[in-house]
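> Got a structure here, written out as structure tokens. Questions coming.
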Amino acid sequence: LRQFRGHTGACASHARSLFDGPARADLQHAAVKLNSMLRQRTAEIRRFGERSAWHRAVQLLAKMQERGPRPDMVAYSAVIGACAHGRHWTLTLWLLEEMRLQDLRPNVIA
């Protein structure tokens with residue numbers, strides 16, 4: 001068992017070294033860019049909701065599901081708000097179920 005633990009530690013150390021330097025910086029840059037894109041799309045969804053363009057909000061959510069970035073709870077909440085504002089209750093309930101299927105847990109807002 002002791003020998004196994006030492007081997008595991010060496011593997012973990014090697015794995016960490018793979019993500020040091022340029023590779024780590026590239027991953028961090030990609031994560032920041034993806035997060036920025038997600039926030040931009042979510043803001044766009046909110047603007048659609050404010051203009052009662054719930055159908056455009058739903059279309060953008062579908063585009064995000066197909067092409068990325070993967071919608072998070074905030075994006076779903078924005079679409080749900082747009083649909084609720086337009087009194088599209090059935091679609092709102094469907095979106096809540098879709099969140100559950102995507103392993104996103106609705107909160108008080110969504």
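The values are calculated or read from the model by the stated rules, or taken from the named source; none is laboratory data. The structure presented is a predicted model; accordingly, all values stated were derived computationally and were not measured. Here Cβ is always computed from backbone atoms with ideal geometry, including for glycine, and neighbour counts include all displayed protein chains. Note: accessible area is taken over every heavy atom of the protein model, side chains too, but ligands, DNA and RNA are not part of it. Shrake-Rupley method; radii C 1.70, N 1.55, O 1.52, S 1.80 Å.
> Of (1) within 13 Å of Leu95 (Cβ to Cβ); (2) open to solvent by 80 Å² or more (accessible area, probe 1.4 Å), Ala62 satisfies all except one. Which?
So Ala62 meets the others, but not (2).
> Something else: Looking at the range 65-87, which of its residues are over 18 Å from the mean Cα position of the chain (by Cα) and open to solvent by 60 Å² or more (accessible area, probe 1.4 Å)?
His85, Arg87
> A further question on this structure: Within the range 25-33, does at least one residue satisfy the condition of being surrounded by 12 or more Cβ atoms within 10 Å (Cβ to Cβ) and part of a helix (DSSP H, G or I)?
Taking the range 25-33 as the starting set, the residues that turn out to be surrounded by 12 or more Cβ atoms within 10 Å (Cβ to Cβ) are none.
No - not one qualifying residue is present in the range 25-33.
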